[in-house]
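Following: one structure in structure tokens, then a few remarks.
The values are calculated or read from the model by the stated rules, or taken from the named source; none is laboratory data. Quick caveat, the model's predicted, so the values are computed rather than measured. Here the Cβ positions follow ideal geometry from the backbone for every residue, glycine too, while neighbour counts run over all protein chains shown.
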Amino acid sequence: MSDRCVLVVDDDEGVRYVLREALRDEGYEVIEATDGASALAKLAERAPMLIVLDLMMPGLDGWSFRVRQRELNLAMSVPVLLLSASRQVNEVQGFGAAAVMVKPFDIEELLALVASLQLSSSA
């Protein structure tokens with residue numbers, strides 16, 4: 001597992017851009033995927049230290065990605081930071097996310113959360 005690599009999975013190019021630039025400014029390497037299927041392919045190549053995952057995407061969405069990730073046993077020890085436009089966070093119980101942020105999110109809060117997840121995953 002790479003301790004400074006983050007996999008960002010979101011179909012929204014603008015969200016990926018903001019996350020990529022902010023994370024890179026903090027010294028993280030960023031790998032991007034536009035949907036769950038491409039994210040699974042990236043996980044098969046390399047395990048990041050964190051997955052930032054959108055729930056609602058065309059094709060293989062965040063829910064289906066997690067099901068397939070478990071079936072394939074790909075990088076299951078990697079924490080997931082879930083991004084959701086839904087304010088009903090109760091929906092994601094049982095999802096296995098280390099943390100949840102509601103869109104739109106504050107980038108400084110997200111970066112602080114990424115740093116804390118990095119510390120807890122390397123401990």
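Filter region 21-53 down to residues that are charged (D, E, K, R) and more than 20 Å from SER116 (Cβ to Cβ), then give me how many there are. Qualifying residue count, region 21-53: 6. Working only within region 16-42, note down all residues that are farther than 18 Å from ARG70 by Cα and of a type in the set (D, E, K, R). The answer is ARG16, ARG20, GLU21, ARG24, ASP25, GLU26, GLU29, GLU32. Within region 61-76, is even one residue in a helix (DSSP H, G or I), among the hydrophobic types (A, V, I, L, M, F, W, C) and surrounded by 15 or more Cβ atoms within 10 Å (Cβ to Cβ)? Yes, because at least one residue in region 61-76 is in a helix (DSSP H, G or I), among the hydrophobic types (A, V, I, L, M, F, W, C) and surrounded by 15 or more Cβ atoms within 10 Å (Cβ to Cβ). Among all positions in region 34-43, there is at least one residue which is of a type outside the set (Ser, Thr, Tyr) and touching a strand residue (DSSP E or B) at 6+ places or on another chain (Cβ under 6 Å).
Restricting attention to region 13-45, and to residues there that are touching a Ser or Thr at 6+ places or on another chain (Cβ under 9 Å) and acidic (Asp, Glu), which single residue is nearest to GLU108 (Cα to Cα)? Filtering region 13-45 for residues that are touching a Ser or Thr at 6+ places or on another chain (Cβ under 9 Å) and acidic (Asp, Glu), the one nearest to GLU108 (Cα to Cα) comes out as GLU29.
Here's the yes/no breakdown for (1) in contact with a helix residue (DSSP H, G or I) (Cβ under 8 Å, 6 or more places away or on another chain); (2) charged (D, E, K, R); (3) modelled with pLDDT under 95:
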| residue | (1), (2), (3) |
| --- | --- |
| ARG20 | no, yes, no |
| ARG24 | no, yes, no |
| ILE31 | yes, no, no |
| GLY36 | yes, no, no |
| ALA39 | yes, no, no |
| LYS42 | no, yes, no |
| ALA47 | no, no, yes |
| ILE51 | yes, no, no |
| ASP61 | yes, yes, yes |
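Selection of region 30-59 for residues being of a type in the set (D, E, K, R) and either farther than 16 Å from VAL80 by Cα or out of contact with any Cys (no Cβ under 8 Å at 6 or more places or on another chain) (or both) yields GLU32, ASP35, LYS42, GLU45, ASP54.
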